[in-house]
Amino acid sequence: MEFSVCFPMVEGMTMLNLSRSQDQIAREAIKHALRSLRKRHLLEEGAHSPAFIALTRPIASQGSEWKEKAENLELELQQCYKAQSRLSEQLVVEVAESRASKASLQEKESAVSNLQAELTQTRDECSQLKADLEEKIKALELLICENHQLKAQLEEITIKAKNAEAENKMLVDRWMLQKMQDAERLNEANALYDEMVNRLKASGLENLARQQVDGVVRRNEDGAEFFVESTVPSLCKQRIHAHEGGCASILFEYNSAKLISGGQDRSIKMWDASTGTLSHTLYGCLGSVLDLTITHDNRSVIAASSSNNLFVWDVNSGRVRHTLTGHTDKVCAVDVSKISSRHVVSAAYDRTIKVWDLNKGYCINTIIFPSNCNALCFSMDGHTICSGHVDGNLRLWDIHSGKLLSEVAAHSLAVTSISLSRNGNVVLTSGRDNLHNLFDMRSLEVCGTLRAMGNRVASNWSRSCISPDDNYVAAGSADGAVYIWSISKADIVSTLREHTSPVLCCSWSGIGKPLASADKNGIICTWS
């Protein structure tokens, strides 16, 4: 009975101690179990000692009572052994559980350490983020401050811009008033000039009537032109290698057989057409020469260039007199007034026509239009500009007001050339549709259409021309031929073949002969 009471107490103490932590709990449990076993053995020895004493007595003196006690004691001893076996097993299980608890505890402690490290790292990151946030807030405050300053500056600039706009409007009004006054003075000067020209013509008619000799009619006033009946050329007189990379424009001096050419080598060359010799070269152009014109006194040559500029040379000195800037794309056409060497018009691929004053060297008017212009020319009165455009239309403009006077669909494709007859009543247009149309300047009605099998316009700037007597038209072709039509018959009268590459331009001398043509290889041929 004492053992049965002791064992539950041991179990209770063992369970209580197992709730403690680490190795101390296991050691105390083992020590307690050992003390309990020693105490039990002592108690067993004390309980069995009467039996051993009784056994040492004589057997005869033993009675049935002692036998019964011995059996009970033996039974209790067996129960004690069984209880000891159960306690040993329980002790082993508890030790194993203690070790497992210890391993689990170590894992949890490791997990706690990891979590603490992560917590520390998270706190550090949070601190860094707080610092970054503070910096961002400071930067934002600075930007807000700068934004307020910029708004204030913008308001000041807006006020200044409004004031400048009002001042500019006032200046424009004053300028327009001045321009109107200048226009009135110019109109007066033009009226005076027209009156003088009419008087000169009236006096010239009498001289012309007196000087008709062998079908040659001459006008001998100072600076006047010579009129010679044009002949149909058939023979190549000179073949000149003029420019490297192609020759896009040629023209003759007024009342002269001297030829002027411009090419992709950025040079302007002056030739003696009768001998084919080079007499002079003009330098200073910064791009390919796309078109040429010359003043009526033969003193200035003007070139339209792919460098977006126009260049004006003094022929006598060979120096550039003006560089006319203002276009924003290549300048492809230029012409000078028929009545004055002062005004020049140019057209560029920025969709503008500009009117220039050569005496002052700057632009005096700009005309804006919806389609790029490939060719243009002045009318005989000097007040109207004829322009041919990529959309195929022929347009007439007032040089002073810049207003569109008239417009007609001249070609189904781009217009490449415009040439005015000597009397100024007919304008010749050539187009990429391979047609050459003649228009009446007064009504803009077609008065003739010239075409030929095999004649193909070579480029957007292929130039055709009218003979000085207004009887013939010459035009180059992509096959290297030069075609000549009779205007009255509207038929081919000659086909000239000498070029080996597309012919880009033709020009007829104002004295009737020769005819000149230039091709894409830079070769110039003169025909007689």
Worksheet entry | The one condition in (1) within 27 Å of Ser379 (Cβ to Cβ); (2) open to solvent by 50 Å² or more (accessible area, probe 1.4 Å) that Arg456 fails to fulfil | (1)
Discussion item. Take residues that are in contact (Cβ under 8 Å) with a residue 40 or more places away in the chain and tell me which of the strands (runs of 3 or more DSSP E) falling wholly in segment 369-416 contain 1 or more.
Written reply: 373-378, 384-389, 393-398
Worksheet, complete the sentence: From the option list Ser274, Ser307, single residue qualifying as in a loop (DSSP other than H, G, I, E, B), of a type outside the set (D, E, K, R) and either at positive phi or open to solvent by less than 40 Å² (accessible area, probe 1.4 Å) (or both) is Ser307
Worksheet item: Here are some residues: Arg199, Arg99. Which one is surrounded by 11 or more Cβ atoms within 10 Å (Cβ to Cβ) and in a helix (DSSP H, G or I)?
Response: Arg99
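So that you can scan it fast, the table gives a plain yes or no per residue for (1) among the hydrophobic types (A, V, I, L, M, F, W, C); (2) over 31 Å from the mean Cα position of the chain (by Cα):
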{"position": "Ser371", "(1), (2)": "no, no"}
{"position": "Leu376", "(1), (2)": "yes, no"}
{"position": "Gly392", "(1), (2)": "no, no"}
{"position": "Arg395", "(1), (2)": "no, yes"}
{"position": "Leu413", "(1), (2)": "yes, no"}
{"position": "Thr416", "(1), (2)": "no, no"}
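So that you can scan it fast, the table gives a plain yes or no per residue for (1) under 24 Å from Ser371 (Cβ atoms); (2) touching a His at 6+ places or on another chain (Cβ under 8 Å); (3) in a loop (DSSP other than H, G, I, E, B):
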site	(1), (2), (3)
Gly424	no, no, yes
Asp433	yes, yes, yes
Asn437	yes, yes, no
Ser443	yes, no, yes
Thr449	yes, yes, no
Ala452	no, no, yes
Pro468	no, no, yes
Fill in: Ile364, sole failed condition from (1) of a type in the set (A, V, I, L, M, F, W, C); (2) over 29 Å from Ala183 (Cβ atoms); (3) in a strand (DSSP E or B); (4) open to solvent by 40 Å² or more (accessible area, probe 1.4 Å)
(2)
Worksheet item: Among Thr325, Thr293, which is of a type in the set (Ser, Thr, Tyr) and either open to solvent by less than 10 Å² (accessible area, probe 1.4 Å) or under 25 Å from Gln238 (Cβ atoms) (or both)?
Response: Thr293
Fill in: Subset tally (residues that are part of a strand (DSSP E or B), open to solvent by 10 Å² or more (accessible area, probe 1.4 Å) and under 16 Å from Pro233 (Cβ atoms)) for segment 487-505
5
Worksheet item: On the given criteria, is Ala478 without any contact (Cβ under 8 Å) to a residue 60 or more places away in the chain, assigned by the TED database to the domain that holds Leu251 and surrounded by fewer than 23 Cβ atoms within 10 Å (Cβ to Cβ)?
Response: yes
Worksheet, complete the sentence: With the first residue restricted to segment 240-262 and required to be without any contact (Cβ under 8 Å) to a residue 24 or more places away in the chain, and the second required to be surrounded by fewer than 23 Cβ atoms within 10 Å (Cβ to Cβ) and in a loop (DSSP other than H, G, I, E, B), Cβ contacts under 9 Å at 6 or more apart or on different chains are Lys258/Asn298
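Within segment 225-267, can you find the residues that are hydrophobic (A, V, I, L, M, F, W, C) and either over 30 Å from Leu200 (Cβ atoms) or in a loop (DSSP other than H, G, I, E, B) (or both)? It would help to see each step written out before you state the result.
The first filter runs over segment 225-267 and keeps only residues hydrophobic (A, V, I, L, M, F, W, C), leaving 226-228, 232, 235-236, 240, 242, 247-248, 250-252, 257, 259-260.
Selection gives Val228, Val232, Leu235, Cys236, Ile240, Ala242, Cys247, Ala248, Ile250, Ala257.
The values are calculated or read from the model by the stated rules, or taken from the named source; none is laboratory data. Because the structure is predicted, anything quoted here is derived from the model rather than measured. Note that we place each Cβ from the backbone using ideal geometry, even for glycine, and neighbour counts take in every protein chain shown. Surface accessibility is based on the protein's heavy atoms, side chains included, excluding ligands, DNA and RNA. Shrake-Rupley method; radii C 1.70, N 1.55, O 1.52, S 1.80 Å.
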